[in-house]
1. Listed residues Ser221, Ser225; which is in contact with a His (Cβ under 6 Å, 6 or more places away or on another chain) and surrounded by 21 or more Cβ atoms within 10 Å (Cβ to Cβ)?
2. Going through Gly240, Gly211, Gly193 one at a time, which residue ends up being of a type outside the set (A, V, I, L, M, F, W, C), in contact with a Cys (Cβ under 9 Å, 6 or more places away or on another chain) and either assigned by TED's automatic domain parsing to the domain that holds Ala87 or surrounded by 15 or more Cβ atoms within 10 Å (Cβ to Cβ) (or both)?
3. Tally the residues that are within 21 Å of Asn197 (Cβ to Cβ) and not acidic (Asp, Glu), restricting the search to the stretch 252-294.
4. Let me confirm something: among Pro345, Pro394, Pro386, Pro352, which residue is in contact with a Pro (Cβ under 7 Å, 6 or more places away or on another chain) and at pLDDT below 80?
5. Considering only the stretch 133-182, state which residues are acidic (Asp, Glu), over 11 Å from Pro42 (Cα atoms) and either part of a loop (DSSP other than H, G, I, E, B) or modelled with pLDDT of 95 or more (or both).
6. What are the residues in the stretch 78-98 that are among the hydroxyl-bearing types (Ser, Thr, Tyr) and surrounded by fewer than 24 Cβ atoms within 10 Å (Cβ to Cβ), if any?
7. Being over 25 Å from His207 (Cβ atoms) and buried (at least 19 other Cβ atoms within 10 Å of the Cβ) is true for just one of Val187, Val127, Val140. Which residue is that?
8. From (1) part of a helix (DSSP H, G or I); (2) buried (at least 19 other Cβ atoms within 10 Å of the Cβ), pick out the condition that doesn't hold for Phe536.
Amino acid sequence: MTAGRRIQRRNAALGRSAPLLLMALVVLTSAAGQAQAGLRPPAVAGAFYPGSAEVLGPLVDGLLAKAPAVEPAATASRLVGLIVPHAGYQYSGPTAALGFKSVAGQIFDRIYFLGVDHRSGLPTISVWAEGGYDTPLGPVPADATASRELLAADPTLVVDPRQHVAEHSLEVLLPFFVKTVGMRPSVFLSVGGPPSNGRHLGDLLRHHLAGFAGRVLIVASSDWSHYHDAATAQRLDQAGIDAVLALDAPRLLAACQAEDTELCGLNGVLALTTVMKAAGGRARLLARTDSSAASGDASQVVGYAAILCEAAGLPGPATDTRAKAVIGPGAAGTDRSPDSPVGSPATTTVTPTATGTREDSMNEMHKEALAAVRATLEAVLAGKAPPALTFHHPRFAEECGVFVTLKKHGDLRGCIGLIQGVEPLGDAIKEMAVAAATRDPRFPPVTLEELKEIDVEISVLSPLMPVTSLDEIVVGRDGLLLKKGFRSGVLLPQVPTEYGWDRDTFLEHLCLKAGLPPGSHRSPDVQLLRFTAEVFGEKEP
């Protein structure tokens with residue numbers, strides 16, 4: 001994308017705070033339509049698992065709590081793989097929960113879901129590259145950056161929604177993922193066609209991830225033997241599991257071809273074992289079960305397994321370009337040579353500490369973002385050029401919506417943001433920080449002297465998704481965008497919580513934010529969309 005085109009997209013989506021509450025902006029109708037067009041709605045909610053967050057959330061929490069204690073993936077493992085089943089929760093839920101429990105609370109910089117194509121019959125590997133997968137617990141965004149990279153690396157990959165829209169093999173895993181890893185952007189692949197596609201995808205991922213400095217999770221979705229008696233199912237499953245534990249993709253394929261084992265997600269498992277073998281990894285069986293535990297019928301069962309794979313990482317040509325200087329909140333953090341002219345961009349580097357847990361790595365990403373805002377504002381408000389920041393956490397390359405909020409002694413001092421991603425997150429955070437400090441029409445520009453009294457809060461947004469029923473809206477989880485003609489209003493998820501509003505009050509204030517009478521959200525010509533946000537600040541909300 002050219003710089004001029006990026007500026008046009010940014011300006012189209014850029015909004016300014018409006019009176020009455022915290023956040024508002026004007027968004028072009030076409031921009032909102034593009035954002036929601038890529039969100040895949042749930043296809044089997046209410047069938048394979050409960051369709052409401054109020055029932056689904058406690059159910060998944062309970063399955064995770066009841067799952068046996070498991071040795072988690074080592075935080076030193078830079079490459080982690082999971083094989084988990086995808087049947088109805090009453091049958092395979094306990095096994096899937098155990099698999100995801102092994103990575104609970106951990107952070108991953110790239111995540112790949114390898115699904116089965118049970119329905120379309122298309123012979124291709126399809127990427128759901130934009131938007132994300134919606135769930136009753138909220139949307140899991142697509143990692144658009146990683147998806148585009150993968151598509152560019154291999155022209156045989158396609159973007160074909162037909163391989164995703166009715167398929168359940170990834171959808172049923174996502175509530176477990178949300179509860180254990182979070183709503184982290186992911187690459188969604190439906191791996192159709194012959195087994196050669198699975199081996200091909202494994203080779204592609206092996207080369208694509210070689211030398212990647214971040215931490216990677218690959219989840220392969222598969223059930224095992226289908227509709228044999230329990231003893232036969234045990235024998236068939238064990239033959240395939242033994243091949244996986246040996247990370248021997250040719251052996252697994254040969255066993256399937258000889259009908260010595262069965263698994264519906266063969267392509268994804270072949271891809272995963274190919275990658276892990278190249279990385280010198282190891283695999284361990286967490287559980288092997290079958291449907292008789294739930295049905296009581298041992299004459300015709302479906303087999304399930306949870307398998308964890310780990311490796312130190314894939315060697316490759318990439319080098320570690322971590323910065324040599326670290327800045328933190330409140331520090332100038334600029335590296336300027338004595339010959340640098342006054343007002344020239346400084347080079348500022350922000351380096352997260354290498355950690356393995358989700359909480360620690362998220363904290364480092366948050367610190368990096370907040371430090372970037374602080375350094376940018378210190379420079380700009382002093383009349384200097386913005387520093388040329390170098391970001392290292394992979395999330396800063398993702399395109400997603402973001403708001404920067406400034407508060408002085410707890411009171412709003414400025415807030416401006418982008419409702420959808422039009423540029424890398426690192427660039428957007430810097431631009432929205434300057435806009436919030438100098439372009440919020442409700443306030444005079446922030447001065448350098450008062451900056452030390454101001455706290456920074458950042459909200460990183462998920463993709464937009466249409467609200468089909470008001471019952472979908474969860475106060476404290478969802479932010480809302482309301483549009484009617486040329487009028488629009490936005491409230492971030494933290495707003496109703498801060499003010500103690502219930503859902504109806506939230507919607508009334510949203511209408512007022514858009515300059516419309518309360519109750520306008522029920523009008524047939526009003527467009528209502530929801531989103532979630534990852535909110536963090538120098539004073540944690």
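1. Values: Ser225 fails: in contact with a His (Cβ under 6 Å, 6 or more places away or on another chain).
After ruling out the rest, the residue left standing is Ser221.
2. Working: Gly211 fails: in contact with a Cys (Cβ under 9 Å, 6 or more places away or on another chain); Gly193 fails: in contact with a Cys (Cβ under 9 Å, 6 or more places away or on another chain).
Checking each option against the conditions leaves just Gly240.
3. Residues of the stretch 252-294 within 21 Å of Asn197 (Cβ to Cβ): 252-259, 261-279.
Then keep just the ones that are not acidic (Asp, Glu); that gives 252-258, 261, 263-279.
Residues in the stretch 252-294 being within 21 Å of Asn197 (Cβ to Cβ) and not acidic (Asp, Glu): 25 in total.
4. Details: Pro394 fails: in contact with a Pro (Cβ under 7 Å, 6 or more places away or on another chain); Pro386 fails: at pLDDT below 80; Pro352 fails: in contact with a Pro (Cβ under 7 Å, 6 or more places away or on another chain).
None of the other options fit; the residue is Pro345.
5. Narrowing the stretch 133-182 to residues acidic (Asp, Glu): 134, 143, 149, 154, 160, 167, 171.
Those left that are additionally over 11 Å from Pro42 (Cα atoms): 143, 149, 154, 160.
Asp143, Asp154, Asp160 - these are the residues of the stretch 133-182 that are acidic (Asp, Glu), over 11 Å from Pro42 (Cα atoms) and either part of a loop (DSSP other than H, G, I, E, B) or modelled with pLDDT of 95 or more (or both).
6. As a first pass, look at the stretch 78-98 and keep what is among the hydroxyl-bearing types (Ser, Thr, Tyr): 89, 91-92, 95.
Of everything in the stretch 78-98, those that are among the hydroxyl-bearing types (Ser, Thr, Tyr) and surrounded by fewer than 24 Cβ atoms within 10 Å (Cβ to Cβ) turn out to be Tyr89, Tyr91.
7. On the way: Val187 fails: over 25 Å from His207 (Cβ atoms); Val127 fails: over 25 Å from His207 (Cβ atoms).
Only one candidate qualifies: Val140.
8. Going through the list (1) part of a helix (DSSP H, G or I); (2) buried (at least 19 other Cβ atoms within 10 Å of the Cβ), Phe536 breaks only (1).
The values are calculated or read from the model by the stated rules, or taken from the named source; none is laboratory data. Everything numeric in this text was worked out from a predicted model, so none of it was measured. Cβ: placed from backbone, ideal geometry, glycine included. Neighbour counts: every protein chain shown.
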